[in-house]
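These notes concern the structure reproduced below.
The values are calculated or read from the model by the stated rules, or taken from the named source; none is laboratory data. Bear in mind that the values here come from a model prediction, so they are computed numbers and not experimental data. Counting neighbours? That spans all protein chains shown, and the Cβs are built from the backbone with ideal geometry, glycine included. Just so you know, the surface numbers come from the protein's heavy atoms only, side chains and all, with ligands and any DNA or RNA stripped out. Shrake-Rupley method; radii C 1.70, N 1.55, O 1.52, S 1.80 Å.
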Amino acid sequence: MLEEIRCKNPALCIKPVNSSEFKKYGRVIDEYDFSQLIEYVDKHVSIPDEGNIYVADDKNLHSFEIFNELTQFFYGEMPIQIGYCNGHNVKLNALEYHKSSEINVAVTDSILLLASITEIIGGKIDSEKVEAFYIRKGEAVELYSTTLHFSPCAVETSGFKMIVILPEGTNSPLVSPIRRDPVLWMKNKWLLIHPEAKALKSRGAYEGITGKNIEIKL
């Protein structure tokens, strides 16, 4: 599938997450067993007919032992949430970062569009600084807090499924209406959008991505 999607997107250099180029953005996680989470989301969580759906925390996923293991060992006893992002996205549209690592577990093959916060200059980032990485079903990665990311991209018309693990409360609404930083969008979520991301723009999200809105051709 990787070679097929590369052929359809010759202008985009798509690398696997186990490549050396990925190391500045994160690492492949191989010390935990995510198989029960993958099986549950694969069987019991659907892909919407159109667009994306993001569930920050699915309490059904707390019942698996991996929830306790990640809480205790990966996040150092910080409370966590386990949810998922499923859908049909094929565009960059936006980039976000957290003041914490994020775990992505692929339930389907997908593409992650990533960049570094060090590439934000004067509150803007050029989309040419964004790199594409292919993550296969069953692979899990840690995205460092310095890594800009957003929705995964599908590699098939049927869509994608991605498990998302973060500290508890991330991506929930802010309590205070006062924002000194226009990039701060939700709890533990700083967001920059591309001008083409009309839905987010209409809600007042910060327009901070210049250049072409990257699109994966299926």
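Taking only DSSP H segments of four or more residues, each worth -39500 (n - 2.57), what value at 222 nm results for the chain once the sum is divided by all its residues, to the nearest 500 deg cm²/dmol?
Here the helix-only value at 222 nm equals -3000 deg cm²/dmol.
Would you mind working out the accessible area per residue for the chain, using a 1.4 Å probe, and quoting it in Å²?
Per residue, the chain has an accessible area of 48 Å².
Sticking with the crude label model, points 7 Å out along Cα→Cβ, report the distance from Glu156 to Ala11 in nm, one decimal please.
For the pair Glu156/Ala11, the computed spacing is 2.7 nm.
Considering the dipole of the range 9-100 built from charges on the beta carbon (Lys and Arg +1, Asp and Glu -1) around the Cα centre, which of Tyr40, Tyr84, Phe22 is farthest to its positive end?
Phe22
When the accessible area of the chain is computed with all protein chains present and a 1.4 Å probe, what percentage of it is carbon and sulfur?
Accessible surface attributable to carbon and sulfur in the chain totals 51 percent.
About the Cα centre, and with charges only on the beta carbon of Lys, Arg (+1) and Asp, Glu (-1), how big is the dipole of the range 11-154? Nearest 20 debye, please.
So the dipole magnitude of the range 11-154 works out to roughly 420 debye.
Could you quote the convex hull projected area for the range 107-209, Cα atoms only and averaged over all directions, in nm²?
In nm², the orientation-averaged hull projection of the range 107-209 is 7.5.
Per-residue HN-Hα couplings for the range 84-95, Karplus 6.51 cos²θ - 1.76 cosθ + 1.60 at θ = phi - 60°, whole Hz, x for Gly and Pro?
Result, ordered by residue: 7, 10, 10, x, 10, 4, 9, 10, 5, 6, 7, 9 Hz.
Can you give me the solvent accessible area of Met186 with a 1.4 Å probe, rounded to the nearest 10 Å²?
40 Å²
Apply the Karplus curve 6.51 cos²θ - 1.76 cosθ + 1.60, θ = phi - 60°, to the phi angles in the range 35-48 and return the couplings in whole Hz, x for Gly and Pro.
Per residue, the Karplus-derived 3J(HN,Hα) values read 4, 5, 5, 4, 4, 5, 5, 4, 8, 10, 10, 9, 8, x Hz.
In the range 1-115, what is the count of Lys pairs whose alpha carbons are under 24 Å apart, counting only pairs at least 8 residues apart or on separate chains?
10
Gain in length, Ile178 to Thr146, computed as 0.36 nm per residue apart minus the alpha-carbon separation, to one decimal in nm?
That pair, Ile178 and Thr146, stretches by 9.1 nm at full extension.
Translational D (Stokes-Einstein, µm²/s) of the range 1-104 at 37 °C and 0.692 mPa s when Rh comes from the Kirkwood sum over C-alpha pairs?
The Stokes-Einstein estimate is 201 µm²/s.
Hey, any idea what Rg/Rh is for the chain, computing Rh the Kirkwood way over Cα pairs?
A ratio of 0.94.
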